[in-house]
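A short write-up of the structure that comes next.
The values are calculated or read from the model by the stated rules, or taken from the named source; none is laboratory data. Treat the numbers as computed from the prediction; the structure is a model and nothing was measured. Counting neighbours? That spans all protein chains shown, and the Cβs are built from the backbone with ideal geometry, glycine included. Side chains are part of the model used for accessible areas, which takes the heavy atoms of the whole protein and leaves out ligands, DNA and RNA. Shrake-Rupley method; radii C 1.70, N 1.55, O 1.52, S 1.80 Å.
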Amino acid sequence: MDKDAFSFVVYIIHACSNKWNMMPSLVYQKLQSAGCIESYLVPYYDILHTQGTGYLVNDVEKYLEVRGVTI
């Protein structure tokens with residue numbers, strides 16, 4: 001993972017944390033357990049980083065929902 005993708009993942013973790021009123025560490029655990037970071041956020045960074053924060057948080061919510069992870 002390069003520096004830009006890493007910064008993006010940290011940004012998404014904090015954006016989700018703020019919306020879901022959760023500690024960033026818990027958000028990270030949920031994203032990690034669902035494979036969201038290595039299978040979605042990092043590989044599709046080039047496309048995703050051009051989207052708005054609200055869209056991305058909703059997209060991550062849907063990703064987790066499909067994989068049975070509750071928020």
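Points worth noting:
- Relative to the dominant Cα principal axis of the chain, helix 53-66 is inclined by about 60°.
- Counting only protein heavy atoms and a probe of 1.4 Å, the accessible surface of the chain is 54% carbon and sulfur.
- Shown here for region 22-71: trypsin sites (Lys or Arg not before Pro) in loop regions (DSSP other than H, G, I, E, B) with at most 14 other Cβ atoms within 10 Å, namely R67.
- Shape index of region 22-63: Rg/Rh, with Rg the Cα radius of gyration and Rh the Kirkwood radius from the inverse mean 1/r over Cα pairs, equals 0.96.
- Relative to the longest principal axis of the Cα atoms of the chain, the long axis of helix 3-20 makes an angle of roughly 30 degrees.
- In plain terms, the chain from I71 to W20 could stretch by 17.6 nm, reckoned as 0.36 nm per residue minus the Cα-Cα distance.
- Computed from the Cα positions only, the extents of the chain along the three principal axes stand at 27, 21, 20 Å, in decreasing order.
- Report summary: the helix-based calculation at 222 nm, which adds -39500 (n - 2.57) for every DSSP H run with n ≥ 4 and divides by the residues of the chain, gives -20500 deg cm²/dmol.
- When E65, E38 are compared by accessible area of protein heavy atoms, the largest-first order is E65, E38, using a 1.4 Å probe.
- Accessible surface, the chain, averaged per residue in Å² (probe 1.4 Å): 62
- Angle in degrees between helix 24-34 and the longest Cα principal axis of the chain, rounded to the nearest 10: 80
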